[in-house]
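The next block holds one structure in the form of structure tokens; read it before the comments.
The values are calculated or read from the model by the stated rules, or taken from the named source; none is laboratory data. Computed from a predicted model, the values in this text were never measured in an experiment. We place every Cβ from the backbone using ideal geometry, glycine too, and count neighbours over all the protein chains shown. Only protein heavy atoms, including side chains, enter the accessible area calculation; ligands, DNA and RNA are left aside. Shrake-Rupley method; radii C 1.70, N 1.55, O 1.52, S 1.80 Å.
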Amino acid sequence: MALNGESSSGDVLLEIRNLKTYFELDEGTVRAVNGVDIEIKRGQVVGVVGESGCGKSMTAMSIMRLVPPPGQIAEGEIRFHRPQSGGGTDIIDLADLDANSSDIRNIRGNQISMVFQEPMTALSPVRTVGKQITEAVRLHQKVNNLEAREIAIDALQRVKMPNPAQRMDDYPFQLSGGMRQRAVIAMALACRPQLLIADEPTTALDVTTEAQILDVMRGLQEESGMAILYITHNLGVVAEMAEEVVVMYLGKVVEHTDVESIFYNPKHPYTKGLLNSIPRLENIVQGKKEKLNAIEGMIPSPYKRLQGCAFHPRCPEFMEGVCDQREPELIQLEEGHSVRCHLYE
């Protein structure tokens, strides 16, 4: 539902405030997302990075209201600054909507779309690519079958699918991995959304195909002006795609700043650990043998609640009596750079 009397402020498209998504299981409570704050502006590309299990994908699923049961949004706001047909915007809290309501279905796949990790599971194996794209178009636009097909072909052309009219009648298993991923992106973009959530869309692809897909997404973003929330493990992709970067650990944002500062002025020990684990290009070119610097330790059990900072058992800058006793707050160090760490209090 729209928030009473509020209007869009500036260029903000989506505001996530204190988002908590929990799974109540017999073994205990899994706090998949545990107080996340993210702001996305119109036309901006925001990268979200972190190890597996840090809450990246579940944050995206929460925005789309696709959290599988028994998971649910326990607290927080997901404020979408929705454009109105007559001009202007209103603000709707997606967290307040019923996950199966017509309100969220009108937004999902239309104004906010998502590209999932594995196209073979995102696409139905028993329906042609064209039928799946046209279904999404007809669900949100008042067009006939012929018009929907033309829109779908245009979407495939925009993602540089070879012979798009022919590929419309192919089944997913008849396409290569890169072509399937293009089809999934075309489906997400067919209704020209304001926000595209890309959840590791190139993970299963070879590096050449990955580069092509990234070029396509970057070109489409520049062409249409849509915002992108790009979720990935790959910091190289972040450097190429994102303007701002959110680093997550155990369901929390531990650092948030622009992409240049993440690489040249990282603050959180976890961010530094992620960057130190990347092989150095100069050593590869010179043929030098280099031992990769892995972050010591393991991510704690999702059922276990640690006292103090969640990263303290693995932190090389651990301060006894501080890091293991008090949970740090997210501190703004300077304009546009915030970090959750006792080192900067």
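Going by a ≥ b ≥ c, the root eigenvalues of the Cα gyration tensor, does region 1-137 fall in the rounded group (a/c under 1.5), the prolate group (a/b larger than b/c) or the oblate group?
Here region 1-137 falls in the oblate category.
Say the cut-off is 23 Å between C-alpha atoms; which of Lys56/Lys304; Lys56/Lys131; Lys56/Lys267 go over it?
Distance filter (> 23 Å) returns Lys56/Lys131.
Heads up, I need the accessible area for Tyr171: 1.4 angstrom probe, whole protein in place, Å², nearest 10.
Surface accessible to solvent at Tyr171 totals approximately 80 Å².
If a/c stays under 1.5 just call it rounded; otherwise compare a/b with b/c (prolate if a/b is bigger, oblate if not). Do that for region 237-345, with a ≥ b ≥ c from the square roots of the Cα gyration tensor eigenvalues.
Because a/c hits 1.5 or more and a/b fails to exceed b/c, region 237-345 counts as oblate.
From the protein chains alone at 1.4 Å, what is the descending order of accessible area for Glu147, Glu200, Glu223, largest first?
Reading off the accessible areas and sorting them downward yields Glu223, Glu147, Glu200.
Could you look at the chain and say what percent of its accessible area is carbon and sulfur, using a 1.4 Å probe and all protein chains?
Within the chain, the accessible surface is 48 percent carbon and sulfur.
Work through the residues other than Met64 whose Cβ is under 14 Å from its Cβ and net out their charges, Lys, Arg +1 and Asp, Glu -1.
It works out to a net charge of +1.
Ordering Phe311, Phe263 by how much accessible area each has at a 1.4 Å probe, largest first, what is the list?
Heavy-atom accessible area, descending, gives Phe263, Phe311.
Using a ≥ b ≥ c from the Cα gyration tensor of region 201-284 (square roots of the eigenvalues), is it rounded, prolate or oblate, where a/c under 1.5 gives rounded and otherwise the larger of a/b and b/c decides, a/b for prolate?
Cα axes put region 201-284 in the oblate bin.
Going by amide H atoms built from the backbone, whose H comes under 5 Å of the H on Val254, apart from near neighbours?
Answer set, sorted by chain and number: Val247, Met248, Tyr249.
If I model a spin label as a point 7 Å beyond the Cα along the Cα-Cβ vector, how far apart are those points for Ser124 and Val322 in nm?
If labels sit at Ser124 and Val322, their model points lie 5.8 nm apart.
What residues qualify as long-range amide H neighbours of Asp90, i.e. H under 5 Å apart, gap of 5 or more or another chain, H built at 1.01 Å from N?
Long-range HN contacts for Asp90: Arg82, Gln84.
Starting at the first residue of region 292-299, write each ³J(HN,Hα) from the Karplus equation 6.51 cos²θ - 1.76 cosθ + 1.60 with θ = phi - 60°, in whole Hz, x for Gly and Pro.
Couplings: 5, 8, 7, 6, 5, x, 10, 5 Hz.
With each label point set 7 Å from Cα along the Cα-Cβ vector, what nm distance links Glu51 and Asp11?
Label-label distance for Glu51 and Asp11, simple model: 3.6 nm.
Expected output is a single nm value to one decimal: the length gained when fully extending between Ala239 and Asp154, i.e. 0.36 nm times separation in residues minus the C-alpha distance. What is it?
So the extension gain works out to 27.6 nm.
Using Cα positions and a limit of under 23 Å, work out the lysines in reach of Lys289, with same-chain residues fewer than 8 apart set aside.
Partners within reach: Lys272.
Within region 61-85, which residues have the backbone N less than 13 Å from the label spot 7 Å out from Thr203 along Cα→beta-carbon, could you tell me?
Inside the label zone: 61.
Placing +1 on the Cβ of each Lys and Arg and -1 on the Cβ of each Asp and Glu in region 181-269, which of Met241, Cys191, Leu214 has its Cα farthest towards the positive end of the resulting dipole?
The residue sitting most towards the positive pole is Cys191.
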